[in-house]
Amino acid sequence: MASGHRSILIAGAGATGLTAALELARRGHLPRIVDSDAGPVPLTESRALGINARTLTLLSPSRVTDTILQEAQQIQHFRIAAKGKVLADIDTTEVPGPYSAIHALAQGHTERLLLGKLSDYEIVPEWQTVVEAVSGDLSETKVTLKKLDGSVETADFDIVIAADGSHSTVREALGLGFPGQVLESSFYLADFRYAGPVDPSYAEISLFDPGMIGRLPVTRDVLRYISTLPDFESRIEHPAPIAERVWASDFRIHFRRAEVMAKGNVFLAGDAAHIHSPAGARGMNLGIEDACWLAWLISEGREQEYAVLRMPAVTTVLKQTHQLTSLITMKHPMAIAIRNLAVPVLLRIPAFRQKLLHGVSGYDTQSPPWIDGAL
Ligand SMILES: Cc1cc2nc3c(=O)[nH]c(=O)nc-3n(C[C@H](O)[C@H](O)[C@H](O)COP(=O)(O)OP(=O)(O)OC[C@H]3O[C@@H](n4cnc5c(N)ncnc54)[C@H](O)[C@@H]3O)c2cc1C
């Protein structure tokens, strides 16, 4: 059967599921996409902020990149500071290719832009529809869906894409493990809207002994602070009077990945397949990358190559985010002193700076062969 005629179900309409639907739709497929929630992530409760250059490349054929660039804040500089002194200032535009390393756009905005483009193909997620059970043999998968009105539908699909997040029902139904580790310490975040102008052009990490506070632009008047310190809000030096504390949250950091990213014709993508620290802003970007690769492979009739092809990218990102997280969560005073001395020296070395920017851009994973000239 031609791949365009195969029945495809996408479980989860987060950034990963929406991207999979869009990339399949623009290649002539008509997937169904369901989500247990009533709609996309609220604009004020955005988790992912960073959109890297690789994602902009991947979303350029669907033209979502054009709309992201209109709405996002370009992060032109990345600073590291300690005791009020800037230790390093990296120009994030110093990367090859058409895009700078990273832009900031709240995840809720990104999801709405993906939804808008998807509606051009007349595909709308079936909200408040829960994947309850998954069974079947290796060629056809039976899925039970429960809708808001209590009705239950059981249907067979040729392909199922599990983009249902870190607690994936599909992954659990397949009996796939999600081994890894959880960090001892918690992370805290708060988003503030300011009454006066703020500078959205840079991100900064302020190092303490121990701990850190990261400052990231969300919009032209909202900044996010993310920290390892429970009392971080009392340490923030606000750049303008606060108009509103928009959102606050705390979370533990896990590093996990599914034992395998596919079983039969069920494919795991995004947080359903791997989770890690937000250091490096890779989570949503890696999920979008999974979705783009999977859609391309399905269109080529090569989806059985997906699990093996994606593993190196997942390994690279888990390693990079683990290293960055170790740097910002150090507790031993001697290690902190060495780090604070070494980081500015290392970042003055062009090759080291380029390597860091290469990773932040997302260019350290395999380049998409279906996009001409992609890095
Ligand atoms: C504080 C924080 C900051 C972050 N910052 C960044 C960043 O800067 N850059 C970055 O790239 N990433 C970042 N991330 C990670 C990013 O938020 C996630 O990696 C991203 O949301 C994963 O997208 P996803 O679509 O795979 O999963 P999700 O966003 O979790 O979406 C899964 C969807 O599946 C639905 N669902 C779940 N179960 C079912 C079911 N049984 N049936 C139907 N639907 C179901 C859910 O309702 C949800 O809509 C951050 C995360 C945190 C916590």
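Taken as a whole, the structure places Glu259 among residues that are touching a Pro at 6+ places or on another chain (Cβ under 8 Å), among the charged types (D, E, K, R) and outside the structural domain of Tyr194 (by TED's automatic domain parsing).
Among the residues making up region 135-168, those that are aliphatic (A, V, I, L, M) and at pLDDT 95 or above are Val143, Leu145, Val152, Ala155, Ile159, Val160, Ile161, Ala162, Ala163. Checked against the criterion of being charged (D, E, K, R), touching a residue at least 60 places away in the same chain (Cβ under 8 Å), more than 10 Å from the ligand (Cβ to nearest atom) and out of contact with any helix residue (DSSP H, G or I) (no Cβ under 6 Å at 6 or more places or on another chain), region 58-75 has no qualifying residue.
Is one or more of the residues making up region 212-228 within 15 Å of the ligand (Cβ to nearest atom), modelled with pLDDT under 95, in contact with an Asp or Glu (Cβ under 9 Å, 6 or more places away or on another chain) and over 29 Å from Pro344 (Cα atoms)? No, region 212-228 contains no residue that is within 15 Å of the ligand (Cβ to nearest atom), modelled with pLDDT under 95, in contact with an Asp or Glu (Cβ under 9 Å, 6 or more places away or on another chain) and over 29 Å from Pro344 (Cα atoms). Of all the criteria given as (1) modelled with pLDDT of 95 or more; (2) away from the ligand (no atom under 16 Å from the Cβ); (3) not aliphatic (A, V, I, L, M), the one not satisfied by Asp89 is (1). Residues in region 329-359 that are closer than 19 Å to Leu49 by Cα and either modelled with pLDDT under 90 or out of contact with any Lys or Arg (no Cβ under 9 Å at 6 or more places or on another chain) (or both): Leu356, Leu357, His358. Within region 1-47, the set of residues being within 30 Å of Tyr188 (Cβ to Cβ), in contact with a His (Cβ under 8 Å, 6 or more places away or on another chain) and of a type outside the set (S, T, N, Q) comprises just one member, Leu43.
Over 15 Å from the mean Cα position of the chain (by Cα), at pLDDT 95 or above and in a loop (DSSP other than H, G, I, E, B) - does that describe any residue in region 106-121? Yes: region 106-121 contains one or more residues that are over 15 Å from the mean Cα position of the chain (by Cα), at pLDDT 95 or above and in a loop (DSSP other than H, G, I, E, B). Any residue that is in contact with a Lys or Arg (Cβ under 7 Å, 6 or more places away or on another chain), at pLDDT below 95 and part of a loop (DSSP other than H, G, I, E, B) - is there at least one of those in region 199-209? Yes, because at least one residue in region 199-209 is in contact with a Lys or Arg (Cβ under 7 Å, 6 or more places away or on another chain), at pLDDT below 95 and part of a loop (DSSP other than H, G, I, E, B).
Restricting attention to region 2-30, the residues being more than 14 Å from the ligand (Cβ to nearest atom) and modelled with pLDDT of 95 or more number 9. Going residue by residue through region 352-364, is there one that turns out to be over 20 Å from Phe255 (Cβ atoms) and free of Cβ contacts under 8 Å to residues at least 12 places away in the same chain? Looking for residues that are over 20 Å from Phe255 (Cβ atoms) and free of Cβ contacts under 8 Å to residues at least 12 places away in the same chain, one finds at least one in region 352-364, hence yes. Within region 169-186, the residues that satisfy the criterion of being touching a residue at least 24 places away in the same chain (Cβ under 8 Å) and farther than 30 Å from Pro230 by Cβ are Thr169, Val170, Arg171, Ala173, Leu174, Leu176, Gly177. A single entry from Arg193, Arg171 fulfils the requirement of being surrounded by 14 or more Cβ atoms within 10 Å (Cβ to Cβ), outside the structural domain of Leu268 (by TED's automatic domain parsing) and at pLDDT 95 or above: Arg193. Quick check, is Phe157 touching a Lys or Arg at 6+ places or on another chain (Cβ under 7 Å), among the aromatic types (Phe, Trp, Tyr), crowded, with 18+ Cβ neighbours inside 10 Å and not assigned by TED's automatic domain parsing to the domain that holds Pro230? Here the answer is no, as Phe157 does not meet what is asked. Residues that are in a loop (DSSP other than H, G, I, E, B) and within 13 Å of the ligand (Cβ to nearest atom) within region 250-273 comprise Ala258, Met261, Ala269, Ala273, listed in sequence order.
The values are calculated or read from the model by the stated rules, or taken from the named source; none is laboratory data. Everything quoted here is computed from the prediction, not taken from an experiment. Glycine also receives a Cβ, built like all others from the backbone with ideal geometry; neighbour counts cover every protein chain displayed.
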